[in-house]
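Enquirer: I'd like to ask some things about the structure below.
Bear in mind that the values in this text are calculations on the coordinates, not laboratory data. Fair warning: this is a prediction, and the values are worked out from it, not measured in the lab. Because the Cβ atoms are built from the backbone with ideal geometry, glycine has one as well, and the counts that use them run over all protein chains shown.
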Amino acid sequence: MSLPIRLISTDFDGTFYAEFENPPVPMDLQILIGRLQQQGARWVINTGRDLSSLMETLGRAHLSIHPDYLVVVEREIYVHEGSRYAPHQAWNSECTRMHRELFARVEPDLPELFEWVNGRFKASVYSDPYSPFCLIAENNDDADAIEEFLTRYCGRIPNLALVRNDVYARFSHDAYSKGTALGEIARQRGDSGDQVLAAGDHLNDLGMLSRNYWRWRVAPSNAIEPVKTAVRNQGGYVSNEPHGAGVARGIERVLKSTETSTDGLNSKA
Ligand SMILES: [Mg+2]
């Protein structure tokens, strides 16, 4: 029997991993993903974290499973090869080049952008290797107001997008997102959108939760309302359990609905 899910993409923080839970990733989710991997499915962690931050946290989590792919900073792809994660050179190089060109156009406007935020809000604004403008707002209301201003600015620069996650935001090229990176992995593997499941909890997950890309969408109970609404409106599943438990319920539901019963996939081990 062919697997209904061949590619699973989970956001990390708040979706797969809950920092303040013990364990941060429920064992039944690890067992479920591990069994699907044994049967040929592949698992992607699709996150806004950078590679070193993700690897450090994964190391401390002592998981029983390892992701087959990583999408980090919502744009770069790494592939599990032996004991390391190797960059998808063609994708990452082009991604870096396009961001460099785009951000050169933003550079002259940076002082004005920083000044606008600093003059109105208690927020942290800075540049890092991934974006000339990064924001940590004091709260979500401030982040909403700053996002509105920055979205207007993005409208003046072709291909410039603002990626928001809670009180965090940064600039990005609109050709690169969690959704387009997942699309590249699926393309490379030859998986059709019908075989892809995506799970996420926040604004930066909306792209990869779009119906245009995949058949299966899951949000845990802690997802923000716009994500729950988007998932429900596209026929996806919003769990009444949080974080990884919610993802596990979503995967189980898909497997049940497609009547896959091999190796007790639908039962808790
Ligand atoms: Mg998240």
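Enquirer: How would you order 191-204, 23-36 from highest to lowest mean count of nearby Cβ atoms within 10 Å?
Expert: 191-204, 23-36
Enquirer: Starting from the Cα gyration tensor of region 12-67, take the square roots of the eigenvalues, sort them a ≥ b ≥ c, and report rounded, prolate or oblate (rounded when a/c is under 1.5, otherwise prolate if a/b is larger than b/c, else oblate).
Expert: Here region 12-67 falls in the oblate category.
Enquirer: Explain nothing, just the number: dipole magnitude of region 101-173 about its Cα centre with +1 on each Lys and Arg Cβ and -1 on each Asp and Glu Cβ, in debye rounded to the nearest 20.
Expert: It comes to approximately 160 debye.
Enquirer: Using a 10 Å cut-off on Cβ atoms, rank the peptides 103-112, 13-22 from the highest mean neighbour count down.
Expert: 13-22, 103-112
Enquirer: I've got another one for you. What fraction of the Cα pairs in region 101-173, stated in percent, has a spacing above 14 angstrom?
Expert: 54 percent
Enquirer: Also: Using the Cα gyration tensor of region 148-233, with a ≥ b ≥ c the square roots of its eigenvalues, what is the shape: rounded (a/c below 1.5), prolate (a/b larger than b/c) or oblate (neither)?
Expert: In terms of gyration-tensor shape, oblate.
Enquirer: At a 10 angstrom cut-off on C-beta neighbours, averaged per residue, how do the peptides 178-185, 37-44 rank from highest to lowest?
Expert: Top of the packing list down: 178-185, 37-44.
Enquirer: The chain: percent of C-alpha pairs farther apart than 32 Å?
Expert: 23 percent
Enquirer: Enumerate the residues in region 80-111 having an amide nitrogen under 13 Å from the point lying 7 Å beyond the Cα of residue 159 toward its Cβ.
Expert: Of the residues in region 80-111, 94-106 have backbone N under 13 Å from the label point off residue 159.
Enquirer: Rounded to the nearest 20 Debye, what is the dipole magnitude of the chain about its Cα centre when Lys and Arg each give +1 and Asp and Glu each give -1 at the C-beta?
Expert: Magnitude of the dipole: close to 820 debye.
Enquirer: Related question: Would you mind counting up the charge near residue 135? Only other residues with Cβ under 13 Å from its Cβ, with Lys and Arg at +1 and Asp and Glu at -1.
Expert: In short, -3.
Enquirer: Still on this structure, I have one more. Taking a ≥ b ≥ c as the square roots of the eigenvalues of the Cα gyration tensor of region 208-254, is the shape rounded (a/c under 1.5), prolate (a/b larger than b/c) or oblate?
Expert: oblate
Enquirer: May I ask you to compute the full-extension gain from residue 210 to residue 55, defined as 0.36 nm times their residue separation minus their alpha-carbon distance, rounded to one decimal in nm?
Expert: Value of the extension gain: 53.1 nm.
Enquirer: When the helices in the chain are scored as -39500 (n - 2.57) per DSSP H run of 4 or longer and the sum is shared across all residues, what 222 nm value do you end up with, to the nearest 500 deg cm²/dmol?
Expert: Counting only the DSSP helices, I get -12000 deg cm²/dmol.
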